[in-house]
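Comments concern the structure below.
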Amino acid sequence: MWDVDSLDWKGISASEITKRVTGKVGCGSIVLFHNAGEHTPEALPEVLRFLRQQGYEVVPISQILLSGDYTIDHTGRQCAKARD
């Protein structure tokens, strides 16, 4: 599950997408982009440049999804299930 929605599907400008993503991303974030977002291709280079400059590593979702006994919390982050 993602915890940062780029809102690119709303047709917002590339600079608005960039500002939204870079202002909300944090350690372990999953950023949601849509392949049909009108200004997504224009925003991605700046978003990626920012993330890499901040020390983030960009990886495919399949690499970070956890297997085992996990759940998704209210923020969209994957967490270990509470033990009874």
Picking from Ile12, Ile17, the residue that is surrounded by 14 or more Cβ atoms within 10 Å (Cβ to Cβ) and either at pLDDT below 95 or not in a loop (DSSP other than H, G, I, E, B) (or both) would be Ile17
Members of the stretch 45-70 found to be at pLDDT below 85 and either surrounded by 11 or more Cβ atoms within 10 Å (Cβ to Cβ) or in a helix (DSSP H, G or I) (or both), listed by number: Ile61, Ser62, Gln63, Ile64, Leu65, Tyr70
Which residues, counting only those in the stretch 23-44, are over 27 Å from Tyr70 (Cβ atoms) and either surrounded by 14 or more Cβ atoms within 10 Å (Cβ to Cβ) or touching a residue at least 12 places away in the same chain (Cβ under 8 Å) (or both)? Ala36, Gly37, Glu38, His39, Thr40, Glu42, Ala43, Leu44
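Picking from Leu32, Leu51, Leu65, which residue would you name as being at negative phi and touching a Phe, Trp or Tyr at 6+ places or on another chain (Cβ under 6 Å)?
Within the list Leu32, Leu51, Leu65, the selection yields Leu32.
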Test for Ala80: is it surrounded by 14 or more Cβ atoms within 10 Å (Cβ to Cβ) and among the small types (Gly, Ala, Ser): no
Are there any pairs with C-beta distances below 8 angstrom linking a residue in the stretch 58-80 that is under 26 Å from Glu46 (Cβ atoms) to a residue that is open to solvent by 80 Å² or more (accessible area, probe 1.4 Å), with the two at least 6 apart or on different chains, and if so which? Val58/Arg52; Gly76/Met1; Gly76/Trp2; Arg77/Met1
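The values are calculated or read from the model by the stated rules, or taken from the named source; none is laboratory data. This one's a predicted model, so the numbers in the text were calculated from it and none came from an experiment. Neighbour counts are summed over all protein chains in view; Cβ atoms, including those assigned to glycine, are modelled from backbone coordinates with ideal geometry. Quick note on the areas: whole protein, heavy atoms, side chains included, nothing else; ligands and nucleic acids left out. Shrake-Rupley method; radii C 1.70, N 1.55, O 1.52, S 1.80 Å.
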